[in-house]
1. Has the stretch 35-44 got at least one residue that is in a strand (DSSP E or B), polar (S, T, N, Q) and at pLDDT 95 or above?
2. With the condition kept exactly as written, say whether any residue in the stretch 38-45 is in contact with a His (Cβ under 9 Å, 6 or more places away or on another chain) and not acidic (Asp, Glu).
3. Return yes when VAL67 is among the hydrophobic types (A, V, I, L, M, F, W, C) and within 16 Å of the ligand (Cβ to nearest atom) and no when it is not.
4. In the stretch 35-46, what residues are without any contact (Cβ under 8 Å) to a residue 40 or more places away in the chain and surrounded by 15 or more Cβ atoms within 10 Å (Cβ to Cβ)?
5. Looking only at the stretch 8-27, which residues are over 14 Å from THR51 (Cβ atoms) and either more than 9 Å from the ligand (Cβ to nearest atom) or not in a loop (DSSP other than H, G, I, E, B) (or both)?
6. In the stretch 48-64, which residues are more than 15 Å from ALA2 (Cα to Cα), among the hydrophobic types (A, V, I, L, M, F, W, C) and in a helix (DSSP H, G or I)?
7. Name the pairs: first residue in the stretch 3-27 and without any contact (Cβ under 8 Å) to a residue 24 or more places away in the chain, second residue within 15 Å of the ligand (Cβ to nearest atom), Cβ to Cβ under 7 Å, at least 6 apart or on different chains?
Amino acid sequence: DAKHSTLGVTGMTCAACSNRIEKVLNKMDGVEAQVNLTTEKATVDYDPSITSMDEITRKIEKIGYGVLNEK
Ligand code: 9UX
């Protein structure tokens, strides 16, 4: 079943940052994400049997941003 999660994302300073994260996340299998620069949050719908929240978090960190309040 799909799960929904909201993450805090740190380190974004312009709209290209949020667009970049959104694009990278949406390329992951089973993941649909919106990233909001102003609120510094990402809303993520994902299928945990395909891609885990851990992988999503690591992907964001790998491209240079931070993740907070994962739930
Ligand atoms: Mo904007 Mo984000 O120039 O890494 S793309 S700061």
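The values are calculated or read from the model by the stated rules, or taken from the named source; none is laboratory data. The structure displayed is predicted, hence computed values, not measured ones. All Cβ positions, even for glycine, are placed from backbone atoms using ideal geometry, and neighbour counts span all protein chains on display.
1. At the first step, the residues of the stretch 35-44 found to be in a strand (DSSP E or B) are 35-36, 41-44.
Remaining after also requiring polar (S, T, N, Q): 36, 43.
From what's left, at pLDDT 95 or above: 36, 43.
Yes, because at least one residue in the stretch 35-44 is in a strand (DSSP E or B), polar (S, T, N, Q) and at pLDDT 95 or above.
2. yes
3. yes
4. Of the stretch 35-46, the ones without any contact (Cβ under 8 Å) to a residue 40 or more places away in the chain are 35-43.
If the condition is that a residue be without any contact (Cβ under 8 Å) to a residue 40 or more places away in the chain and surrounded by 15 or more Cβ atoms within 10 Å (Cβ to Cβ), then VAL35, LEU37, GLU40, LYS41, ALA42 are the ones that fit.
5. Narrowing the stretch 8-27 to residues over 14 Å from THR51 (Cβ atoms): 8-23.
Once the filter is applied, which keeps residues that are over 14 Å from THR51 (Cβ atoms) and either more than 9 Å from the ligand (Cβ to nearest atom) or not in a loop (DSSP other than H, G, I, E, B) (or both), the stretch 8-27 yields GLY8, VAL9, THR10, ALA15, ALA16, CYS17, SER18, ASN19, ARG20, ILE21, GLU22, LYS23.
6. Within the stretch 48-64, just ILE60 meets the criteria.
7. These pairs meet every condition: ALA15/LEU37; SER18/MET12; SER18/VAL35; SER18/ASN36; SER18/LEU37; GLU22/VAL35.
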